[in-house]
Amino acid sequence: MEFRWLKQNNAAEAIVVFGGWAVGPEVFWHLDGPRDVLFASEYTDLDADLPDLSSYGQISLLAWSFGVASYAHWQQGRPDPFRRKVAVNGSLQPVNRGAGIPPTVFRRTVETLSLENYQQFLARVFGAPQDAEALDVEARRAELLAVERRADAPQMRFDRVWISSGDKIFPPANLARAWAGQNVSHLDAPHAPFDRFARWEELF
């Protein structure tokens, strides 16, 4: 796991983003706003600690896709610095027949992972074919296996949960079950819905 700054201008507030699997921070670059932005990725292990964020008056969390469960596992045993938490198209039960990605689908993704299948995955994530991307197949397979091995994350509440009706990665009906009773907002978008937003604040 690693943390890296996407934007660091000594702002008064910061956002920490737990991104998705095998999709970089580019999906967030267009989002505008005054806050500094720290990006977390690479969930094969969850050993990394946050950098010193004590200078910020408020810190918010946005977790997307496998970043949702990875965040919840990571947070266990650590102080919680977040004033607000938002989950986007992810589940605390990431590999689960009724509340996450069905295990048979997940297992097929692991076993057939290749550059060609990765491009098909990206097309499902964004709802349209994407430019060819490089992929370290074995590293990303190891990350998937780590997510599977960690299994369900501890239960926690988020201030807002987004579910996309066009999600082809996490079935929307499963996410609706996973987040029943929480503050859910529905969105007509694919698994990566961020092009529907112009500013960070709209997500919170």
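General remarks:
- Inclusion of VAL68 among residues that are modelled with pLDDT of 95 or more, surrounded by 21 or more Cβ atoms within 10 Å (Cβ to Cβ) and not polar (S, T, N, Q) is warranted.
- Among the residues making up region 104-127, those that are touching a residue at least 12 places away in the same chain (Cβ under 8 Å), closer than 21 Å to ILE163 by Cα and open to solvent by less than 90 Å² (accessible area, probe 1.4 Å) are PHE106, PHE121, LEU122, VAL125, PHE126, GLY127.
- Across region 82-120, the qualifying residues are those that are over 19 Å from the mean Cα position of the chain (by Cα) and of a type in the set (A, V, I, L, M, F, W, C), and the one among them that is nearest to VAL68 (Cα to Cα) is LEU113.
- Output for region 173-187, where each listed residue is open to solvent by 30 Å² or more (accessible area, probe 1.4 Å) and either of a type in the set (Gly, Ala, Ser) or without any contact (Cβ under 8 Å) to a residue 12 or more places away in the chain (or both): ALA173, ALA176, ALA180, GLY181
- Residue ID - surrounded by the fewest Cβ atoms within 10 Å (Cβ to Cβ), chosen from residues in region 141-166 that are touching a His at 6+ places or on another chain (Cβ under 7 Å) and in a loop (DSSP other than H, G, I, E, B): SER165
- Near pairs, Cβ below 6 angstrom, 6+ apart or cross-chain, from region 192-204 (acidic (Asp, Glu)) to any residue that is part of a loop (DSSP other than H, G, I, E, B): GLU201/GLY33
The values are calculated or read from the model by the stated rules, or taken from the named source; none is laboratory data. In this text, all values refer to a predicted model and were calculated from it rather than measured experimentally. Here Cβ is always computed from backbone atoms with ideal geometry, including for glycine, and neighbour counts include all displayed protein chains. Accessible surface areas use protein heavy atoms only, side chains included; no ligands, DNA or RNA. Shrake-Rupley method; radii C 1.70, N 1.55, O 1.52, S 1.80 Å.
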